[in-house]
Amino acid sequence: MSSDAWWTAVQLLVMAPVLEEILWRAGLHETLLQRSRWPAARINLAVAFTFALAHGLRTPGSLWAWLTLLPAGYIGLLYQRRRQLLPCIVAHAAMNALWLGVTPSLP
């Protein structure tokens, strides 16, 4: 494995899941659950949309970036049920690993 491939794997399988779940779940999602009058389903959709939007802004025109809406919604449901970050980080890393397997040549 080249050093570039190794670094990409570390970013996608460790750094991104940890940092993004801290920001989106422990940050935005938890804040909305505590302070918003919205139903939990609407909060989950809003958080998943902001996650997909951030990926879409990072890679404009990428369908893959917008498809993060689906796993973000799933991880949001997981968070709402358990209110624990570790299962979300593990699910995020697993989905990124799957993505790497399906799209090995894409950034």
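Worth pointing out:
- Residue in segment 13-27 that is over 11 Å from the mean Cα position of the chain (by Cα), β-branched (V, I, T) and open to solvent by less than 40 Å² (accessible area, probe 1.4 Å) present: no
Per-residue answers, yes or no, for (1) open to solvent by 20 Å² or more (accessible area, probe 1.4 Å); (2) under 21 Å from Q34 (Cα atoms):
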| residue | (1), (2) |
| --- | --- |
| A52 | no, no |
| H55 | yes, no |
| R58 | yes, no |
| S62 | yes, no |
| Y74 | yes, yes |
| L85 | yes, yes |
| L98 | yes, no |
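- Residues of segment 29-50 satisfying the condition of being within 14 Å of C88 (Cα to Cα) and of a type outside the set (D, E, K, R): H29, N44, V47, A48
- Taking the numbered list (1) free of Cβ contacts under 8 Å to residues at least 40 places away in the same chain; (2) surrounded by 18 or more Cβ atoms within 10 Å (Cβ to Cβ); (3) out of contact with any Leu (no Cβ under 6 Å at 6 or more places or on another chain) in turn, Y79 passes all entries but (1).
- For segment 60-76, a residue qualifies if it is more than 13 Å from A16 (Cβ to Cβ) and either of a type in the set (D, E) or in contact (Cβ under 8 Å) with a residue 24 or more places away in the chain (or both), and the qualifying residues are W64, G73, G76.
The values are calculated or read from the model by the stated rules, or taken from the named source; none is laboratory data. Nothing here was measured: the structure is a model prediction, and the numbers come from that model. Because the Cβ atoms are built from the backbone with ideal geometry, glycine has one as well, and the counts that use them run over all protein chains shown. We work out accessible area using only protein heavy atoms, side chains counted, and drop any ligands, DNA or RNA first. Shrake-Rupley method; radii C 1.70, N 1.55, O 1.52, S 1.80 Å.
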